[in-house]
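Below is one structure, written out as structure tokens; the observations come after it.
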Amino acid sequence: MASTNPTEHISDKSITAGLTFEQLKELMAVMRKEGVSEFRMGSGENKIAIFRECEIFEASPMSQNSYTSNNTCGSDRRPFTDTEPSEKPAPSTGHPVTSPVVGVFYDSPAPDQDPYVSIGDYVQKGDVLCIVEAMKLMNEVTSPVSGVVTEILADRACRVEFGQALFIIEPGATKG
């Protein structure tokens, strides 16, 4: 009969990758507690990989101290249809600023503060435009060029994809 204890089949006290038996047991306990399903470490000949089956949970979109929003993320956008629109929107000119990661878009440092930028604002190269939260890390998105913000393409507290355009900046435009 197969053992239900994953460490019972390990008899060597000096495990690969420099881990002892006790360290391996502790690592597996942390993996179980934190819900980690895969762990790899090592270099050269000394490598170890640990895999475990995990329950799949639906991710919680935000913590209690995060933004709360009645925004329905793009609800003001037209629904998809397979027919051509009667008028095609003019292609955006300017420099697109894209999301560096998949995450949640925030246009201000806190819910009760003003947005970093608004349409018509002049920005300099390196100015913070927004934050994209990914895995509880706040990633500042900065302007790659100096110019005027002509479009804001993401909604506050809504999910954005890697490479998705967040802003359009007209380079070379000057302060008004």
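The numbers here are math on the coordinates, done by the rules we state, and not lab data. Predicted, not measured: the structure shown is a model, and the values here were computed from it.
Annotations
- Other-chain or far-sequence residues with amide H under 5 Å of Tyr116's (modelled H): Ser108
- Distances between placed amide hydrogens fall under 5 Å for Val36 paired with no residue 5 or more residues away or on another chain.
- Amide H contacts under 5 Å for Cys158, placed H, 5+ residues apart: Phe105
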